Amino acid sequence: MKTAIVLFNLGGPDEPEAIKPFRVNLFSDPAIIRAPIFIRFWLARLIAASSAAAAVANYERMGGRSPLLDLTTAQALKLEASLSDIGGKCFIAMRYWHPFAKEAVKAVKAFEPDRILLLPLYPQFSTTTTGSSIADWHEQAARFGLVAPTTTICCYYDDDAFVASIARLVDEGIAAAKRALAPGIKLRLLFSAHGLPESIVKAGDPYQAEVEASVAAVMRRLRDTEVEHVVCYQSRATPQKWISPSTIECIEQAGLDQVAVLLVPIAFVSDHIETLVELDIENAELAHEKGVPGYFRAAVPNADETFIAALAALARRAVAQGDGLCSHRGGRACDVSHADCPWAKYQPAPVVPGVIAVDVEYAA
C-alpha cells in the first residue's frame, strides 16, 4: 500500500518580498476574517498594511524569512522514515504560502497513492487552522481530480504519546530554569497558545477547550507536581475581544507577584515568528521591563524523536481505522456542545442491508 501523508501547517514568507502577500493571504481567509467577501478583500489589505513595517522588522530578526517550511520539512522526512511499514510518503500543504495545498495535491496525485492521510500539525482543532486547511485541501483535490480513500485526523490534543513528548520538554525547561534562578524565586508556567476572537469560541469552536485539556494532561505528566501554572493566549490581531487572559497580562502579573516564568508554547509544534520573535524577544523585553525575576521558554517539539514517534503512532492508528474522520481516540474527542467541531458536520453513510457502507469524507 502507498500512503500519502499530508502535513498541514500555516506557512510563512520565504523571502522579504513574500511578507506582504503572505499576510494578505492570511487575512483574506474567511475562517480568519469572518466578513462578507467584498469587505474582507479590503479589510485584509488594510490590516496587512497597517502593521507592515513591524512585520518586516520582525522577519528581519529571523534573517528575512520564516523557518517554518524548513522545520516542517525536517519533521516530514523523519516521519516518513518512521512509516515505511505503511508505505508512507509525506507531503507538505501550507495554508498561506508555498507549498500551497494545490501544489501538494498535484504532488500527491503524481504519487498515485492507495490511500491518503490528512495530518494537521495543529494538535488542537480550530476552524481557523485545521478546519481551514482541510476545506482548502478538499477544494483543491476536487479541482485537480485527486480521488483516493482519505482519512482525516481532526485533533490529538491529549493523546498520551503527544502529551508525554511535550511533558518531557517542559520538564527539561523547568530543570534549566531552576538551575538559573536565585534561591527562593518561585517559578510559574505560562502555557501560551495562539488566541482567537471570543466570538469564534462562543460560536462553537472547540479550540480553547482543547488547549485547556492539553495543559491539564501535560500537568499530570510533569515530574514537578507542585509548580503553578496559567493558561494564556497570545498574538491578538484584530480589535475584537479575544479569549483571555493574554500572555502579556500574565507576564505583567508575574512582575507584580515577583515570580519567574517559563513560557510553554502549548499549541505550536514548530518554531516560527510567534516563538522566535514574539515570545523570545518581545515578551522577554516586556518581562525585563516589568521586573519579572526570570524569563525562560520551553522548547517546541520541531523534529524531536518522541514527538515524531507520537505522530507515527497516530498515523498508524488512523489508517487502520479506514476512511473518514478520526481523532486520537478514534471517534469524537471533544464535548458535543462544540457545534463547530468537525464531528458536528460529519455524518457516516447509513447502513443499508446488502450494501457496503462507505463513510462520507469530512469537508469543512
Residue-by-residue Karplus 3J(HN,Hα) for region 182-199, coefficients 6.51, -1.76, 1.60, Hz, glycine and proline x: 5, x, x, 7, 7, 10, 10, 8, 10, 7, 9, 10, 4, x, 9, x, 4, 4
Just to be sure I understand: with springs between alpha-carbon atoms less than 10 Å apart, which residue in P99, P239, P342 has the highest mean-square fluctuation in the Gaussian network model of the chain? P239
If one takes the longest principal axis of the Cα atoms in the chain, at what angle in degrees, from 0 to 90 and to the nearest 10, does the Cα axis of helix 247-257 lie? 30 degrees
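Dividing the convex hull volume of the Cα atoms of region 160-297 by its residue count, what figure in Å³ per residue is obtained?
109 Å³
Summing -39500 (n - 2.57) over the DSSP H runs of n ≥ 4 in the chain and dividing by its residue number, what mean residue ellipticity at 222 nm do you reach, to the nearest 500 deg cm²/dmol?
Rounded to the nearest 500, the figure is -12500 deg cm²/dmol.
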For K178 and A110, calculate 0.36 nm times their separation in residues minus their Cα-Cα distance, and state this gained length in nm to one decimal. 19.3 nm
Length-normalised contact order of region 191-310 in % [C-alpha pairs under 8 Å, at least 6 apart]: 30 percent
Largest first and in whole Å, give the semi-axes of region 270-349's equivalent ellipsoid, each being the square root of 5 times a Cα gyration tensor eigenvalue. 38, 19, 10
The helix 305-321 Cα axis meets the longest alpha-carbon principal axis of the chain at an angle in degrees, between 0 and 90 and rounded to 10, of 30 degrees
Candidates Y295, Y157, Y207, ranked by Gaussian network fluctuation over the chain, Cα under 10 Å, top entry: Y295
Of all DSSP beta bridges in the chain, what percent run antiparallel (nearest 5)? 5 percent
Want the number for I39 to M1: 0.36 nm per residue separation, take away the alpha-carbon distance, what's left? 9.0 nm
Going through region 217-290, which trypsin sites (Lys or Arg not before Pro) have at most 14 other Cβ atoms within 10 Å and a DSSP loop state? R223, K241
Lysine pairs meeting the criterion (Cα under 13 Å, 8 or more apart or interchain), as found in the chain: 6
So for R0 = 30 Å, FRET eff. of A339-I281 from the Cβ-Cβ r, to 0.05, ends up at 0.20
Run through the DSSP bridge list for region 160-297 and note the antiparallel percent, rounded to the nearest 5. 5 percent
Taking every other residue with Cβ under 9 Å from the Cβ of R168 and scoring Lys and Arg +1, Asp and Glu -1, one gets -2
Long-range HN-HN contacts of R115 with modeled amide H, under 5 Å: K2, A4
Explain nothing, just compute: Karplus ³J(HN,Hα) = 6.51 cos²θ - 1.76 cosθ + 1.60, θ = phi - 60°, for every residue of region 55-70 in order, whole Hz, x for Gly and Pro. 5, 4, 4, 5, 5, 4, 5, 10, x, x, 8, 8, x, 4, 5, 4
Most fluctuating residue of F27, F38, F162 in a GNM of the chain with Cα springs under 10 Å: which is it? F38
Phi-derived 3J(HN,Hα) across region 135-142 with the Karplus relation (6.51, -1.76, 1.60, θ = phi - 60°), rounded Hz, x for Gly and Pro, is 4, 4, 4, 5, 5, 6, 4, 5
Using the basic label-point model (7 angstrom from Cα toward the beta carbon), what is the R61 to T306 distance in nanometres? 2.9 nm
Longest to shortest principal axis, alpha-carbon extents of the chain, angstrom: 71, 47, 38
Full extension between R329 and F144 adds, at 0.36 nm per residue less the Cα distance, a length in nm of 63.4 nm
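Readers should treat all values here as calculations from the given coordinates under stated rules, not as data from a laboratory. Since we're looking at a predicted model, the values are computed, not measured. Because the Cβ atoms are built from the backbone with ideal geometry, glycine has one as well, and the counts that use them run over all protein chains shown.
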